[in-house]
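The structure appears below as structure tokens.
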């Protein structure tokens, strides 16, 4: 079964959020209004809805010696797309957390990097060495 996910998140500015995802991440635009925007992120629908200032008070966790944000979302892409996305975002004036390989030489080995959007959400991009290992234990 092939499926897509939908997620709805508050945003501080529809205009800035739309600009970041369309121009920086190179996602595509879905439906939009003055108070919300749908973003097509690799076939998945994220709806950002204008809201007041919010605080998730998000603690971090440590995985393989790296401090990672506990509250984040992301997308899993193939290695070619991952490199293209990473190289593109690294050349821009954005806060990109350097690429890391997690679970090296183990089931679930993957490349990963994070980038912060204008709403302070951490967006993760992953690429598994073997896509079948996405849920490997």
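No lab work stands behind these numbers, since they all come straight from the coordinates. What you see is a predicted model, and the numbers here were worked out from it, not measured in a lab.
Would you give the gap between the C-alpha center of the range 71-100 and the C-alpha center of the range 1-49, rounded to a whole Å?
17 Å
Need one word for the range 60-133: rounded, prolate or oblate. Basis is the Cα gyration tensor (sqrt eigenvalues a ≥ b ≥ c); a/c below 1.5 gives rounded, then a/b vs b/c decides. Don't skip to the answer; put the middle values down first.
On the way: a/c = 1.91, a/b = 1.23, b/c = 1.55.
Oblate, because a/c is 1.5 or more while a/b does not exceed b/c.
Pull up the DSSP beta bridges for the range 6-50 and report the antiparallel fraction as a percent, rounded to 5.
Approximately 60 percent, going by the DSSP bridge assignments.
For the chain, what is the relative contact order in percent, using Cα pairs closer than 8 Å and at least 6 residues apart in sequence?
Averaging sequence separation for qualifying contacts and normalising by length gives 20 percent for the chain.
Taking Rh as the Kirkwood radius, which is the inverse of the mean 1/r over Cα pairs, what is the Rg/Rh value for the chain? The partial results should precede the final answer.
Values: Rg = 15.4 Å, Rh = 16.0 Å.
Across the chain, the Cα-based Rg/Rh ratio is 0.96.
Taking each pair of different alpha-carbon atoms in the range 6-50 once, compute 1/r for the pair, average those values, and report the inverse of that mean as the Kirkwood hydrodynamic radius in Å to one decimal.
Computed over Cα pairs of the range 6-50, the Kirkwood hydrodynamic radius comes out at 10.0 Å.
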